[in-house]
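*Asks:* Here it is, the structure, as structure tokens.
No lab work stands behind these numbers, since they all come straight from the coordinates. Every value quoted in this text rests on a predicted model; they were computed, and no experiment measured them. So basically every Cβ, Gly included, is an ideal-geometry build from the backbone, and we count neighbours across all protein chains shown.
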Amino acid sequence: ATLGQGSHSCLAQIAAEEFGLPIENVRLVRGDTANTPYDVGSWDSRSIFHSGIALLRACADAKRQMFAIASPKLGVPADELEAKGGVVYRKSQPSLSIPVSELFTPFQAISWGGSEIMGRASYIAPHVPEDENGQSPHIFCYVSHIATGIEVAVNEETGEVKVLRAVGVADCGQPINPRSCEQQMDGGRAMGI
């Protein structure tokens, strides 16, 4: 995960929601070139968009692996399983379930070759490069629309400018963390001023 936008909190929220766990049960490993893949940065407030999509895909990959282990134990095809709250269960019959902790017995670790599941995924946003005129019908896919109005008082003799009021709105879609969105908007408005 890259920095910016309160992304660490938001990414932890995404993982917690995907597995139906309290956010306290999610441990986030911060980006570091010693143990995470390369990332171009968090410019343009892209962290949650890009990393969030990759995280959703990694959660799906981890679930796929869990369901492959749980399927024979429950006698249910893997595509009929779901995981929430530390339990793998049949979607149409939630009472038919197994705790995730029981998927990893000592024998399982030996016969399966491990006792960990690691979801892997990446996300590269689709785009159309700029043409010779610097134009593209689809250069970015994560830009939101924002409008800001600033009322100022200007001392015509000294040139001093005083901000009286600032109002901003953003069409950012469904926020993962509304307070984080507000702070991001406030920061952009402050830099604009």
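*Asks:* Can you tell me the order of 124-133, 74-83, 144-153 when each peptide is scored by its average per-residue count of other Cβ atoms within 10 angstrom, highest first?
*Replies:* Ranked by mean Cβ neighbours within 10 Å, highest first: 74-83, 144-153, 124-133.
*Asks:* Identify all lysines with a Cα-Cα distance to Lys91 below 28 Å; exclude those on the same chain that are fewer than 8 residues away in sequence.
*Replies:* Lys63, Lys73
*Asks:* Using θ = phi - 60° and the Karplus relation 6.51 cos²θ - 1.76 cosθ + 1.60, list the HN-Hα couplings for the range 179-193 in order, rounded to whole Hz, with x at every Gly or Pro.
*Replies:* Taking θ as phi minus 60°, the curve returns 5, 4, 4, 4, 5, 5, 5, 4, x, x, 5, 5, 5, x, 5 Hz for the range 179-193.
*Asks:* Take the Cα coordinates of the range 49-193, assign each an equal point scatterer, and use the Debye formula without solvent to give log10 I(q)/I(0) at q = 0.10, 0.17 Å⁻¹.
*Replies:* Rounded to two decimals, the profile gives -0.65, -1.02.
*Asks:* Answer with one residue from Val88, Ser136, Gly149: the one whose Cα lies farthest towards the positive end of the charge dipole of the range 52-193, charges on Cβ with Lys, Arg +1 and Asp, Glu -1.
*Replies:* Going by the charge dipole, the pick is Val88.
*Asks:* In whole Hz, with x marking every Gly and Pro, tabulate ³J(HN,Hα) for the range 155-163 from phi via Karplus 6.51 cos²θ - 1.76 cosθ + 1.60, θ = phi - 60°.
*Replies:* Listing the rounded values in order: 7, 5, 7, 9, x, 5, 10, 10, 7 Hz.
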